[in-house]
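Asker: Just passing along the structure, written as structure tokens.
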Protein chains: 2
Amino acid sequence: MKIGDIARAAGVTTSRIRFYEKRGIIAPAVRGPNGYRDYPEELIAILRFIEQAQGLGFSLKEIAGVDVAQGDHPISCDEAIRLLSGKLDSVAALIAEAKERQRRIKALIAELQGRKQSAA
Amino acid sequence: MKIGDIARAAGVTTSRIRFYEKRGIIAPAVRGPNGYRDYPEELIAILRFIEQAQGLGFSLKEIAGVDVAQGDHPISCDEAIRLLSGKLDSVAALIAEAKERQRRIKALIAELQGRKQSAA
DNA sequence: CTTGACCTTGAACCTAGGTTTAAACCCTAT
DNA sequence: ATAGGGTTTAAACCTAGGTTCAAGGTCAAG
């Protein structure tokens, strides 16, 4: 499949696919006699996987570390659980931070409203 | 006060102060006869205010919009409440998103652990 | 044989919030 | 007068995740 076919099928741009290739996130494409990239159908699933992983909060760097498209072992179940657990922790930390911000903002609003009352 | 004095007092770098000035987040400094920036002591509080606002999730663009250092009216109480309430909403949205991620990650982990059990 | 759609490359551009660097100037102490 | 610290400027660099551009090659249809 040519890059445009893959792009349409996976719902991503062609530039994004080239970008991933350049960054080593997906394996370099086999080239046809005209120099065009020729990708296996499996890349569609890989690209969807990447979007999914991004949606879960994984950076491209982290995704690249999984070697998803390097033809290596497709990552062990234990490894996947380990990665997900790590991300779970960082998401929890993010939530805690956001809640703290929320708390402080609420306190500020309350203070300002109190000031408004006493001024009135 | 010279830029270095302000920087030390406020706990920021001099480059950051110049950056803020260039971006219009703080007012351009008065210059001494040697061309050195000469800042009023009040800038220290303004810089601290900026850090605080950033900590609450406000971008520099949003902070600049407040015209904190333009010598204008120092922002009305109602206006402050409005801005804070808006930020409160976006923080709530952020938390909701993060929780959704958390939920999905947990579901994935559970699925993988189930797979491990059935494989064992 | 030309038009249009596709592909190639490298490089520049974008947001956000700064940092770093280079080359120059100023001030104070010794 | 010279060393050291401070200051000035513009411009380049950084992370992240891409997009956009320019200039050119390829392919199938009409």
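The values are calculated or read from the model by the stated rules, or taken from the named source; none is laboratory data. Since this is a predicted model, take the numbers as computed values, not measurements. Heads up, the Cβs are rebuilt from the backbone with ideal geometry, glycines too, and the neighbour counts pull from every protein chain shown. SASA here: full protein model, heavy atoms, side chains in, ligands and nucleic acids out. Shrake-Rupley method; radii C 1.70, N 1.55, O 1.52, S 1.80 Å.
Asker: Using the structure shown, select from B:2/B:22; A:99/B:106; A:2/B:106; A:2/B:99; A:106/B:106 the pairs with a Cα to Cα distance greater than 27 angstrom.
Answerer: Violating the 27 Å limit, Cα to Cα: A:2/B:106; A:2/B:99; A:106/B:106.
Asker: Between A:92, A:110, A:29, where does the largest GNM mean-square fluctuation fall for chain A, given springs only between Cα atoms within less than 10 Å?
Answerer: Between A:92, A:110, A:29, it is A:110 that shows the largest mean-square fluctuation.
Asker: Let me ask another. For the stretch B:76-120, how big is the tail of P(r) above 13 Å, as a whole percent of Cα pairs?
Answerer: 67 percent
Asker: Name the residue farthest towards the positive end of the dipole of chain A from the options A:108, A:49, A:14, assuming +1 on Cβ of Lys and Arg, -1 on Cβ of Asp and Glu, about the Cα centre.
Answerer: Of the listed residues, the answer is A:108.
Asker: Please report the buried accessible area for the interface of B with A, total over both chains, probe 1.4 Å, in Å² to the nearest 100.
Answerer: 2600 Å²
Asker: Determine the share of chain B's accessible area contributed by carbon and sulfur atoms, expressed in whole percent, with a 1.4 angstrom probe.
Answerer: The computed percentage sits at 54.
Asker: If you put +1 on each Lys and Arg Cβ and -1 on each Asp and Glu Cβ, how big is the dipole of the stretch B:1-73 around its Cα centre, in Debye rounded to 20? Numbers along the way, then the final one.
Answerer: Working: 10 positive and 9 negative charges, 75 e Å.
The dipole magnitude comes to about 360 debye.
Asker: In nm, to one decimal, how far is the residue A:52 label point from the residue B:77 one, both placed 7 Å along Cα→Cβ?
Answerer: So the label points at residue A:52 and residue B:77 sit 5.4 nm apart.
Asker: Next question, about the same structure. What dipole magnitude, in Debye to the nearest 20, does the protein assembly as shown give about its Cα centre under +1 on Lys/Arg Cβ and -1 on Asp/Glu Cβ?
Answerer: My answer is approximately 60 debye.
Asker: Further, regarding this structure: Could you work out, residue by residue across B:108-118, how many beta carbons of other chains sit within 10 Å of that residue's beta carbon, and then give the average as an integer? Each step should come with its number before you reach the end.
Answerer: Numbers: counts 7, 8, 1, 2, 6, 3, 0, 3, 5, 0, 0.
For this peptide, the per-residue mean of nearby foreign Cβ atoms is 3.
Asker: Related question: With the other protein chains left in place, how much accessible area per residue, in square angstrom, belongs to chain A at a 1.4 angstrom probe?
Answerer: 61 Å²
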